[in-house]
Structures are given as structure tokens and as C-alpha cells.
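Chemist: Take a look at this one; I'll ask things after.
The values are calculated or read from the model by the stated rules, or taken from the named source; none is laboratory data. Being a predicted model, the structure only gives us computed values, none of them experimental. Cβ placement follows ideal geometry from the backbone for every residue including glycine, while neighbour counts extend to all protein chains displayed.
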Amino acid sequence: MGQSGKLTQLKTAAKNLLTTLKAAAKQPGDVKVSIIPFDTMVNVGTVYKDEFWIDYTVKNIQKDQWTGCVMDRDQSKDVTDTTPVAGSASTLFPAKQCGSLVSMMPLTDVLDETGFTNLNSKIDSMQASGNTNVTIGLAWGWHSLTPNLPLSQAAEPSPDRDKVVVLLTDGTNTQNRWSSSDSQIDPRTALACTNAKNDNIKPIRCG
């Protein structure tokens with residue numbers, strides 16, 4: 001993503017989409033957007049450090065020294081929106097130390113002027129670094145659209161409410177928690193995509 005101006009193009013596309021969505025919204029609450037930057041991890045932010053669903057044991061991280069990132073959950077929870085359960089290790093999110101990855105931004109109303117400014121600023125702050133794990137980006141985009149933990153800002157499903165993931169990537173899976181082979185990682189992404197579609201998240205194109 002750091003080559004050939006890809007990140008610049010991504011930022012332009014994302015900000016144009018925000019502007020389009022804001023113009024389409026008629027009243028507060030009509031359109032909300034979350035931003036989930038990812039590389040091989042997602043930076044959820046240390047604001048969640050005391051949540052039970054952060055597992056510090058996998059990488060033996062001290063909670064007060066954690067910098068905010070999580071990696072893939074255990075398989076097969078890595079490709080689902082399964083609600084984390086205290087005491088159920090496979091449903092928890094393993095903590096990992098961050099590099100320069102920008103923290104995520106949960107659902108924000110585009111008609112809130114401060115929120116709209118913050119969404120644009122979040123896009124501006126993104127940097128390209130390290131390898132790519134498309135699966136975890138997709139999974140956390142999905143998490144941000146459902147009302148259950150780990151993120152609970154979303155409204156319940158409704159016939160007149162669309163929940164959409166727009167996944168911007170250079171298309172190359174290079175590393176997840178277990179492998180640096182795209183032949184191992186791509187099937188995880190495809191399965192996450194299928195599962196999200198089956199949960200009425202759209203439009204997600206698999207394959």
C-alpha cells in the first residue's frame with residue numbers, strides 16, 4: 001500500500017466517499033461511518049485496556065504497557081462476529097504491541113460536524129507500513145457494524161437499515177497470525193467474507 005501512490009489514492013477515495021455519504025444523509029443518524037485501519041493487526045486503542053475481551057496472555061503483555069493492537073482471534077473465531085465471552089479464550093482478542101498503525105474510529109454520524117471532521121482527520125493520519133492481513137480488517141469492519149461486543153455502537157438490524165463494509169486494500173495478503181503465505185491467508189479472507197454476507201453485511205464481494 002505504500003508504493004505507487006496507493007495510499008494517497010485510498011485517502012482520496014475514502015474522503016470522497018465521506019462527502020458523498022454526508023450529502024445523502026437527510027437527518028442525524030441516517031449515515032454512520034467507522035474507520036478501521038489495519039496491517040497485520042488492528043489498533044483498537046488503549047481506551048479498551050480494561051475490557052475483559054482483551055487477552056494479554058497470548059503474547060505475555062502487561063496491560064499497563066499495552067499499546068492498543070490486537071491480532072487475529074483463534075480459528076475459527078477469526079472469521080466470525082462471535083460475541084466474546086469471559087473465560088472462553090477462543091472468543092477473546094489477543095493483545096499485541098503496535099508499531100505506527102493508526103487507531104480505529106467506531107461508528108460516527110457524518111452529519112455531526114465534529115464527527116465528520118474527525119473522520120477526515122483519521123483518514124489523513126493513516127500511514128502505510130508493514131505487511132497486510134485483509135481478514136482482520138474485514139473482521140473488525142464487521143464488528144463495528146453489529147450491536148454486540150467488542151464494539152457496540154451499531155443499531156440492531158432493521159429492514160430499512162443497510163450495513164455495508166467498504167474494504168480498501170491493495171489486494172495482497174502477506175501475513176496473519178499464523179502464516180506469511182497468501183495461499184494460507186486468502187481462504188481465511190474468503191471465509192470471513194462469506195460469513196459476513198450471510199450476516200447481511202453488504203455489499204461484500206468474495207473471490
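Chemist: Can you tell me which residue in segment 71-108 is surrounded by the most Cβ atoms within 10 Å (Cβ to Cβ), limited to those that are β-branched (Val, Ile, Thr) and without any contact (Cβ under 8 Å) to a residue 40 or more places away in the chain?
Modeler: In this case the residue turns out to be THR91.
Chemist: Hey, does segment 148-158 have a residue that's within 14 Å of VAL79 (Cβ to Cβ), among the hydroxyl-bearing types (Ser, Thr, Tyr) and surrounded by fewer than 20 Cβ atoms within 10 Å (Cβ to Cβ)?
Modeler: Taking segment 148-158 as the starting set, the residues that turn out to be within 14 Å of VAL79 (Cβ to Cβ) are none.
No, segment 148-158 contains no residue that is within 14 Å of VAL79 (Cβ to Cβ), among the hydroxyl-bearing types (Ser, Thr, Tyr) and surrounded by fewer than 20 Cβ atoms within 10 Å (Cβ to Cβ).
Chemist: Can you name the strands (runs of 3 or more DSSP E) wholly within segment 25-114 that have at least 2 residues being touching a Cys at 6+ places or on another chain (Cβ under 9 Å)?
Modeler: 93-96
Chemist: What do you reckon, is ASN131 out of contact with any Phe, Trp or Tyr (no Cβ under 8 Å at 6 or more places or on another chain), of a type outside the set (D, E, K, R) and in a loop (DSSP other than H, G, I, E, B)?
Modeler: On the way: out of contact with any Phe, Trp or Tyr (no Cβ under 8 Å at 6 or more places or on another chain): yes; of a type outside the set (D, E, K, R): yes; in a loop (DSSP other than H, G, I, E, B): yes.
Spelling it out, ASN131 is indeed out of contact with any Phe, Trp or Tyr (no Cβ under 8 Å at 6 or more places or on another chain), of a type outside the set (D, E, K, R) and in a loop (DSSP other than H, G, I, E, B).
Chemist: Right, another one. Given the conditions (1) more than 30 Å from LYS26 (Cβ to Cβ); (2) in contact with a strand residue (DSSP E or B) (Cβ under 9 Å, 6 or more places away or on another chain), report the number of the one that THR82 does not fulfil.
Modeler: (2)
Chemist: Restricting attention to segment 1-24, and to residues there that are of a type in the set (S, T, N, Q) and either modelled with pLDDT of 95 or more or outside any loop (DSSP other than H, G, I, E, B) (or both), which single residue is farthest from GLN65 (Cα to Cα)?
Modeler: Our first condition is that a residue be of a type in the set (S, T, N, Q); within segment 1-24, this holds for 3-4, 8-9, 12, 16, 19-20.
So of that shortlist, the ones also either modelled with pLDDT of 95 or more or outside any loop (DSSP other than H, G, I, E, B) (or both) come out as 8-9, 12, 16, 19-20.
Details: THR8: 32, GLN9: 35, THR12: 35, ASN16: 37, THR19: 38, THR20: 40 Å.
If we take residues in segment 1-24 being of a type in the set (S, T, N, Q) and either modelled with pLDDT of 95 or more or outside any loop (DSSP other than H, G, I, E, B) (or both), then THR20 is farthest from GLN65 (Cα to Cα).
Chemist: Output the residue which, of all residues in segment 134-155 that are in a loop (DSSP other than H, G, I, E, B) and of a type in the set (A, V, I, L, M), is farthest from GLY68 (Cα to Cα).
Modeler: That would be ALA155.
Chemist: Let me ask you something else. If you check ARG161, ARG177, ARG188, which single one turns out to be among the basic types (Lys, Arg), closer than 19 Å to ASP74 by Cβ and part of a loop (DSSP other than H, G, I, E, B)?
Modeler: Numbers: ARG161 fails: closer than 19 Å to ASP74 by Cβ; ARG188 fails: part of a loop (DSSP other than H, G, I, E, B).
Exactly one of ARG161, ARG177, ARG188 is among the basic types (Lys, Arg), closer than 19 Å to ASP74 by Cβ and part of a loop (DSSP other than H, G, I, E, B), namely ARG177.
Chemist: Please pick out the residue among SER158, SER103 that is within 15 Å of THR40 (Cα to Cα) and among the small types (Gly, Ala, Ser). I'd like the intermediate steps shown before the answer.
Modeler: Numbers: SER158 fails: within 15 Å of THR40 (Cα to Cα).
None of the others qualify; the one that does is SER103.
Chemist: Please determine, by comparing only the residues of segment 1-48 that are buried (at least 16 other Cβ atoms within 10 Å of the Cβ) and of a type in the set (D, E, K, R), which one is nearest to the chain's Cα centre (by Cα).
Modeler: For segment 1-48, the residue satisfying everything is ASP39.
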